[in-house]
Amino acid sequence: MRFRINGQQKLTGTIRVSGAKNSILPIIAATILSNEVCVIDNVPRISDVDTMLEILRSVGGSVAWTGGHQLTISNKNLEPQPLDMKLVKRLRASVLFLGPFLARFQSFRLPEPGGCIIGNRPLDSHLEGLSALGCRWERTPESYEVSHKGLRGTDVVLREASVTATENIIMAACAARGTTRIINAASEPHVQDLIDFLTNMGADISGGSTSTVTIKGSDSFGGARHTVIPDPIDAGTYIILALASKSKITVTDIRLDHLEVVLETLRSMGAEFDRDERSIMINQTGTLKAAKIETRIYPGIPTDLQPLFGVLATQAHGTSLIHETLFESRLGYLSELEKMGASVLISDAHRAYVTGPTPLNGRAIVCRDLRAGASLVVAALIASGETTIENAQILDRGYEKIDEHLSEIGASITREE
């Protein structure tokens with residue numbers, strides 16, 4: 001599938017932020033802990049959610065859309081049968097079934113997860129943490145065989161503040177005997193959102209907004225009603241689009257407290273915007289300045305927004321350093337920007353220099369991962385002429401109807417199957 005975009009159209013209007021992709025995926029997995037009904041609101045209608053639900057259905061989960069953005073899930077008849085390898089390989093987040101399945105059953109086989117190719121993402125932190133709780137595991141050529149004879153609480157020290165490892169260990173520890181402390185835990189907003197959901201189910205968890213999370217185990221979890229937080233990456237994407245295109249756009253249903261470092265970095269670059277409690281209004285008329293963009297764990301600049309900052313740097317005066325500290329294969333989108341006329345020097349797998357401002361020209365380019373694809377859409381919208389983006393279906397994994405939302409504010413974008 002491709003997007004065909006005619007750039008430099010006048011963009012103006014309002015875009016609503018969807019529910020957070022990185023929240024809903026672990027929350028879907030967490031419903032496994034309970035036999036009772038869970039109702040989840042503000043669920044983004046994206047293909048990664050569809051895949052997670054397909055996996056859950058394949059092992060006996062009952063799933064229904066009971067509203068436009070509402071899911072009702074019951075796992076009363078769940079079975080610990082092997083997960084479908086083709087489905088698991090579609091997305092990295094399938095690894096999040098590991099913790100809750102071990103909380104509910106004593107053995108489990110997880111095929112090697114797939115996902116975007118953005119660098120080496122081993123499961124060491126997951127498996128080491130679960131081993132500390134009493135799990136045994138063995139890796140086969142295509143899967144992980146994991147089992148235990150009863151989970152027991154302990155101190156788990158993560159060598160890296162891995163988000164998904166933190167989430168997996170929290171979910172497993174909810175069913176462990178005794179108390180677990182996760183030291184060097186991730187503290188991203190979506191980790192806290194998962195903790196809030198688990199707390200609604202009856203879990204006893206404290207320290208969710210810090211680097212030390214404490215979980216007191218239980219053997220009983222009820223159903224829950226929960227509303228997913230707004231997606232900070234969704235919000236950041238549209239804010240940066242407005243700045244790069246010098247458009248008057250309002251981004252609504254947003255949690256600005258989840259984006260403070262991002263907004264301060266944009267402000268240091270000369271961004272012009274007004275904000276209130278749940279929205280931000282961008283009306284960029286001034287000059288943008290180059291900056292050092294360095295990705296960090298929360299509350300720093302998230303790695304998922306790094307490609308968006310990269311395309312913004314093409315419109316800023318001076319040379320910006322893009323330093324991707326987390327993944328070694330996340331700068332590939334810059335080669336596509338070069339085709340469009342960007343001035344780029346890739347120093348190594350983690351660092352690149354982007355000099356601007358440079359006019360971008362429409363070209364045939366290729367989307368290689370979700371967030372890179374979003375940056376290419378922004379580039380196409382500010383470029384002269386027509387751009388075609390191949391492999392654009394990747395964007396459906398994390399952005400709900402992005403082409404329709406952009407069309408509503410004046411973009412000339414069509415989807416070609």
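The criterion of at least 2 residues that are at pLDDT below 90, in contact with a helix residue (DSSP H, G or I) (Cβ under 8 Å, 6 or more places away or on another chain) and on the phi > 0 side of the Ramachandran plot is met by none of the strands (runs of 3 or more DSSP E) falling completely within the range 120-168. Pairs meeting the criteria (first residue in the range 81-107 and in contact (Cβ under 8 Å) with a residue 24 or more places away in the chain, second residue aliphatic (A, V, I, L, M) and assigned to a strand (DSSP E or B), beta carbons under 6 Å, at least 6 apart or on different chains) are LEU98/LEU110. Could we say that GLY385 is more than 18 Å from the chain's Cα centre (by Cα) and modelled with pLDDT of 95 or more here? It is true that GLY385 is more than 18 Å from the chain's Cα centre (by Cα) and modelled with pLDDT of 95 or more.
Being without any contact (Cβ under 8 Å) to a residue 60 or more places away in the chain, of a type in the set (Gly, Ala, Ser) and crowded, with 24+ Cβ neighbours inside 10 Å, is that true of even one residue in the range 403-414? Scanning the range 403-414 turns up no residue that is without any contact (Cβ under 8 Å) to a residue 60 or more places away in the chain, of a type in the set (Gly, Ala, Ser) and crowded, with 24+ Cβ neighbours inside 10 Å. Looking for something free of Cβ contacts under 8 Å to residues at least 40 places away in the same chain, part of a strand (DSSP E or B) and surrounded by fewer than 23 Cβ atoms within 10 Å (Cβ to Cβ) - is there at least one such residue anywhere in the range 331-343? Checked against the condition, which is being free of Cβ contacts under 8 Å to residues at least 40 places away in the same chain, part of a strand (DSSP E or B) and surrounded by fewer than 23 Cβ atoms within 10 Å (Cβ to Cβ), the range 331-343 yields at least one hit. On inspection, SER211 fails the criterion of being of a type in the set (S, T, N, Q), assigned by TED's automatic domain parsing to the domain that holds SER320 and either within 26 Å of VAL163 (Cβ to Cβ) or surrounded by fewer than 20 Cβ atoms within 10 Å (Cβ to Cβ) (or both). Between ASP369, ASP348, the distinction of being more than 23 Å from GLY410 (Cβ to Cβ), acidic (Asp, Glu) and surrounded by fewer than 18 Cβ atoms within 10 Å (Cβ to Cβ) belongs to ASP348 only.
Among the residues of the range 245-296, those that are crowded, with 20+ Cβ neighbours inside 10 Å, hydrophobic (A, V, I, L, M, F, W, C), farther than 19 Å from HIS323 by Cα and under 22 Å from the mean Cα position of the chain (by Cα) comprise VAL251, ILE254, ILE280. Applying the criterion of being out of contact with any Asp or Glu (no Cβ under 9 Å at 6 or more places or on another chain) and in contact (Cβ under 8 Å) with a residue 60 or more places away in the chain to the residues of the range 36-52, the residue that is farthest from HIS405 (Cα to Cα) is GLU36. Has the range 187-199 got at least one residue that is under 30 Å from ALA383 (Cα atoms) and either part of a strand (DSSP E or B) or not hydrophobic (A, V, I, L, M, F, W, C) (or both)? The answer is no; no qualifying residue exists. Here is the figure for the range 29-79: residues that are among the acidic types (Asp, Glu), surrounded by fewer than 22 Cβ atoms within 10 Å (Cβ to Cβ) and within 30 Å of ALA392 (Cβ to Cβ) total 3.
Within the range 345-365, identify whether any single residue is among the aliphatic types (A, V, I, L, M), in a loop (DSSP other than H, G, I, E, B), touching a helix residue (DSSP H, G or I) at 6+ places or on another chain (Cβ under 9 Å) and within 30 Å of PRO230 (Cβ to Cβ), and answer yes or no. Within the range 345-365, one or more residues are among the aliphatic types (A, V, I, L, M), in a loop (DSSP other than H, G, I, E, B), touching a helix residue (DSSP H, G or I) at 6+ places or on another chain (Cβ under 9 Å) and within 30 Å of PRO230 (Cβ to Cβ). Is it true that GLN315 is more than 17 Å from the chain's Cα centre (by Cα), at negative phi and assigned by TED's automatic domain parsing to the domain that holds ALA244? Considered against the rule, which asks whether it is more than 17 Å from the chain's Cα centre (by Cα), at negative phi and assigned by TED's automatic domain parsing to the domain that holds ALA244, GLN315 comes out as yes. Could you look through the range 135-155, keep only residues that are within 25 Å of ASP204 (Cα to Cα) and among the small types (Gly, Ala, Ser), and pick out the one that is surrounded by the fewest Cβ atoms within 10 Å (Cβ to Cβ)? Step by step, filter the range 135-155, then rank; the result is GLY150. Within the range 186-214, the set of residues being of a type in the set (Asp, Glu) and in contact (Cβ under 8 Å) with a residue 40 or more places away in the chain comprises GLU188, ASP193.
State all residues of the range 366-398 that are more than 13 Å from ARG2 (Cβ to Cβ) and part of a loop (DSSP other than H, G, I, E, B); if no residue qualifies, say none.
Of the residues in the range 366-398, the ones more than 13 Å from ARG2 (Cβ to Cβ) are 368-372, 374-375, 378-379, 381-385, 397-398.
Correct list: ARG368, ASP369, ALA383, GLY385, GLY398.
The values are calculated or read from the model by the stated rules, or taken from the named source; none is laboratory data. All values derive from a computational prediction rather than experimental measurement. All Cβ positions, glycine included, derive from the backbone under ideal geometry; neighbour counts span all protein chains shown.
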